[in-house]
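K.L.:
One structure, pasted below without further comment.
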Amino acid sequence: MTRLAEDIGLKYSTVNNARWVASRWPKEHRQAGVPFTVYRILASVDDEDERFAAVKSPPKGKARWTADDASRVLGWQVENPVSKQEKISAIHALAQDEEVAAVVTTDLLRRPSISAHVAVEDRVRVVEEFTRDESVAATVTTGLLRRPDVAFKALSDDTARHQVNHAQVERGRQARENFERTSPVAPAVKQINRTVEFLGLVTACHSFVAAAGRAVPGLRDRQLSEDEQVIVHQNIAKVRATFSELRTPHDSWAFSAARGTRPRCRAGS
């Protein structure tokens, strides 16, 4: 066999393969007009009766066999895909290289008509895979939350809303700490904040007294029900608890204010 291959100028594997194909097709089972390539492919059909019957009957609607038709019999990949599944198989075969697959995927995702036919769960899975990187996820999330409808639906989830609120509080805390640590005007701003807090407390006290002064006279001749009395007592308890915090000794001004006295000034002040 080796000498024959050398004499006719072919590789040993080529001659050996041709010999194997010939052995699978006895002369009486060969059909006129059938290419050797078809015989070579159909030679892989194990059952002899099935193999010999197949070569006598071309595919439905066709007058002769082609290499692709023979490959379809065995479920092999065809060179000229026709059906949807054949095209999918061809794409998968060509995209086995990671770089090729990445380029093809990128190009396909740029076509809106394609993404419209992708199932929702598959889209979610793709987005999750692409956003495993924290920086990518942050960029994508920021862009999505700028869309009102998306933000509304996303924040309908209790966990998502909690995380957003927590992030806002944490970001505010970090910004405040950084300002107090690095800004030269931080002490002055802190003093202003204390003044604002004082004014807020005084305003709240005046508002409470004024509101109570307007409401109480109108209730003097009215008999409150048991439920109404319970509600009133509960709110009075809350008011007392709030004012009791002003009696905490750690703040001399608050302690004195709650007692209706003033802290003594130092001599000369």
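K.L.:
Take the range 92-110 and flag every residue that is open to solvent by 100 Å² or more (accessible area, probe 1.4 Å) and within 29 Å of residue 72 (Cβ to Cβ).
P.N.:
Those that are open to solvent by 100 Å² or more (accessible area, probe 1.4 Å) and within 29 Å of residue 72 (Cβ to Cβ): 92, 94, 96.
K.L.:
Tell me, yes or no, whether the range 104-127 has at least one residue that is in a loop (DSSP other than H, G, I, E, B) and polar (S, T, N, Q). So that I can check it myself, show each step before the final result.
P.N.:
The initial filter retains those residues of the range 104-127 that are in a loop (DSSP other than H, G, I, E, B), namely 110-111, 116-119.
Then keep just the ones that are polar (S, T, N, Q); that gives none.
No: zero hits.
K.L.:
Return the pair list, or none, for Cβ contacts closer than 9 Å from residues in the range 194-215 that are surrounded by 11 or more Cβ atoms within 10 Å (Cβ to Cβ) to residues that are not in a helix (DSSP H, G or I) and not β-branched (Val, Ile, Thr), at least 6 apart or on different chains.
P.N.:
If the second residue must be not in a helix (DSSP H, G or I) and not β-branched (Val, Ile, Thr), the pairs left are 201/246.
K.L.:
Would you pick out the residues in the range 158-186 that are touching a helix residue (DSSP H, G or I) at 6+ places or on another chain (Cβ under 9 Å) and assigned to a helix (DSSP H, G or I)?
P.N.:
Those that are touching a helix residue (DSSP H, G or I) at 6+ places or on another chain (Cβ under 9 Å) and assigned to a helix (DSSP H, G or I): 160, 161, 164, 179, 180, 186.
K.L.:
Every residue in the range 54-82 that is out of contact with any Asp or Glu (no Cβ under 9 Å at 6 or more places or on another chain), open to solvent by 50 Å² or more (accessible area, probe 1.4 Å) and farther than 14 Å from residue 37 by Cβ, please.
P.N.:
Result: 56, 57, 60, 61, 63, 75.
K.L.:
Only residues that are within 16 Å of residue 105 (Cβ to Cβ) and open to solvent by 70 Å² or more (accessible area, probe 1.4 Å): list them for the range 130-154, please. Let's see the steps before the verdict.
P.N.:
Initially, the range 130-154 is screened for residues within 16 Å of residue 105 (Cβ to Cβ), giving 130-132, 136.
Result: 130, 132.
For (1) under 30 Å from residue 192 (Cβ atoms); (2) open to solvent by 60 Å² or more (accessible area, probe 1.4 Å); (3) without any contact (Cβ under 8 Å) to a residue 12 or more places away in the chain; (4) among the polar types (S, T, N, Q), each residue gets a yes or a no:
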{"residue": "123", "(1), (2), (3), (4)": "no, yes, yes, no"}
{"residue": "128", "(1), (2), (3), (4)": "no, yes, yes, no"}
{"residue": "156", "(1), (2), (3), (4)": "no, yes, yes, yes"}
{"residue": "167", "(1), (2), (3), (4)": "yes, no, yes, no"}
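K.L.:
Tell me which residues, restricted to the range 20-33, are surrounded by 12 or more Cβ atoms within 10 Å (Cβ to Cβ) and over 55 Å from the mean Cα position of the chain (by Cα).
P.N.:
22, 24, 25, 29, 30, 31
K.L.:
Any idea how many residues of the range 49-74 are under 26 Å from residue 15 (Cβ atoms), under 54 Å from the mean Cα position of the chain (by Cα) and not in a loop (DSSP other than H, G, I, E, B)?
P.N.:
So the answer is 9.
The values are calculated or read from the model by the stated rules, or taken from the named source; none is laboratory data. Remember, predicted model here, so these are calculated numbers, not experimental data. No Cβ is skipped: glycine too gets one built from the backbone with ideal geometry, and neighbour counts run over all protein chains shown. Side chains are part of the model used for accessible areas, which takes the heavy atoms of the whole protein and leaves out ligands, DNA and RNA. Shrake-Rupley method; radii C 1.70, N 1.55, O 1.52, S 1.80 Å.
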